[in-house]
Amino acid sequence: MSLVNHTHAIINNSKAIIGILNKFKANNNYNSRNFHSCSIVSKHHEELEFKIYRWNPEKPKEKPAYKSYKVKRDDIKETILDGLLHIKENEDPTLTFRHHCHNGKCGCCAVNVNGKNVLACSTPIDDKQKVQKISPLPNIPVVKDLVLDLTHYYEQYKNIQPWIMRKKKDEHGEIIKEPDREILQTLKERKKLDGYYECNLCACCSSSCPNYWRDADAYLGPSTILNSFRWIRDSRDGFHSERKDALQGPDSLFRCHGEMNCMSNCPLGLNPAKAIAKVYI
Ligand code: SF4
Ligand code: SF4
Ligand code: FES
């Protein structure tokens with residue numbers, strides 16, 4: 001990229017970032033959103049239809065298709081995951097999906113329900129909708145049914161070196177990155193991580209980002225940049241400027257155009273777009 005083009009890219013993206021910060025002010029939902037909003041709601045339908053994306057790599061001639069399951073509303077508890085488990089245990093043991101903590105922490109149960117990326121375990125069934133259409137998160141390769149192949153996503157995460165690194169020289173003048181003792185933080189320093197450290201790597205944000213759809217090979221995506229910013233913000237880390245420099249290329253910050261899908265699709269109410277904006281400034 002020439003210097004002139006690069007400068008234009010910076011100016012254009014600076015405008016986008018100012019837009020992101022303004023939108024964030026209007027949508028600061030991190031503190032107000034419930035992590036587990038399994039509230040009791042009135043039941044509108046006695047029977048629900050679960051339309052679930054099915055694809056089996058062992059049957060390559062069969063195209064992916066949605067399969068319908070009719071379920072009595074009273075037979076399932078509150079969440080989308082309860083519904084999936086009921087179907088697997090009572091109707092179709094071949095249905096494949098991931099779940100582990102049942103508590104919004106591990107991020108592995110992320111699916112798309114009626115067009116929105118959510119955690120199945122902490123998303124109540126919307127009783128106003130008779131049909132629950134459940135798909136794998138969009139734009140990420142599928143292993144089987146609702147299970148994603150997150151190899152590339154985790155590789156991107158690994159590349160940001162998501163751990164504390166210190167700068168201390170050994171007797172040969174080489175930098176030792178590992179901390180050699182517990183490193184304390186003040187309460188104020190710790191508080192600066194709020195809104196950034198909680199990410200459970202569910203990929204809901206990256207899967208909703210148009211720029212990640214276009215080129216996930218190159219673009220780090222909102223989740224990875226948020227996690228890198230989490231270490232840039234950590235008072236115990238000694239590589240802030242190196243981490244920041246690593247995000248400056250055309251495939252990192254400059255790909256974000258502020259559509260804010262990442263924020264509206266994060267089940268934990270985190271705001272990757274805000275983290276991206278803060279790396280800029
Ligand atoms: S704001 Fe979020 S969704 Fe939009 S382009 Fe940036 S990272 Fe992607
Ligand atoms: S920022 Fe939110 S949506 Fe994105 S991976 Fe982390 S928890 Fe999931
Ligand atoms: S099962 Fe762990 S977040 Fe849903």
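The table that follows gives values for the structure above.
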item: Counted charge near LYS144, where neighbours are those whose Cβ lies closer than 15 Å (Asp, Glu -1; Lys, Arg +1); result: +1
item: Computed over region 47-147, Kirkwood Rh from alpha-carbon pairs, angstrom; result: 13.7
item: Gyration tensor verdict on region 190-281 (Cα atoms; rounded if a/c is under 1.5, prolate if a/b is larger than b/c, oblate otherwise); result: oblate
item: Loop-located chymotrypsin sites (Phe, Trp or Tyr not before Pro) in region 124-201 whose Cβ has at most 13 other Cβ within 10 Å (DSSP); result: TRP163
item: Length-normalised contact order for region 47-147 - Cα pairs under 8 Å, 6+ apart - percent; result: 33
item: Ranked by how many other beta carbons lie within 10 Å on average, peptides 251-258, 199-206 from highest; result: 199-206, 251-258
item: Calculated from backbone phi, Karplus (6.51, -1.76, 1.60) coupling profile of region 53-59 in Hz, x at Gly/Pro; result: 5, 10, 7, 10, x, 7, 10
item: Nearest-0.05 FRET efficiency for ASN139 and LYS51, computed from C-beta distance (R0 25 Å); result: 0.80
item: Residues LEU193, LEU48, LEU184 arranged by fewest to most Cβ contacts within 10 Å; result: LEU184, LEU193, LEU48
item: Within straight-line cross-link reach of LYS177, aspartates and glutamates at Cα separation under 19 Å, skipping those fewer than 8 residues along the same chain; result: ASP234, ASP237, GLU242, ASP245
item: Unsatisfied cross-links (Cα-Cα over 22 Å) in the set LYS168/LYS191; LYS192/LYS278; LYS63/LYS133; LYS51/LYS130; LYS158/LYS244; LYS105/LYS130; result: LYS168/LYS191; LYS105/LYS130
item: Net lengthening on full extension, VAL131/LEU184 (0.36 nm per residue, minus Cα-Cα); result: 14.0 nm
item: Order of VAL279, VAL111 - criterion: other Cβ atoms within 10 Å of each residue's Cβ, fewest first; result: VAL279, VAL111
item: Dimensionless Rg over Rh [region 85-243; C-alpha; Kirkwood]; result: 1.07
item: Largest-first ellipsoid semi-axes for region 173-223, taking √(5λ) over the Cα gyration tensor eigenvalues, angstrom; result: 32, 19, 8
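No value in this document is a laboratory result; all are computed from the given coordinates. All values derive from a computational prediction rather than experimental measurement. We place every Cβ from the backbone using ideal geometry, glycine too, and count neighbours over all the protein chains shown.
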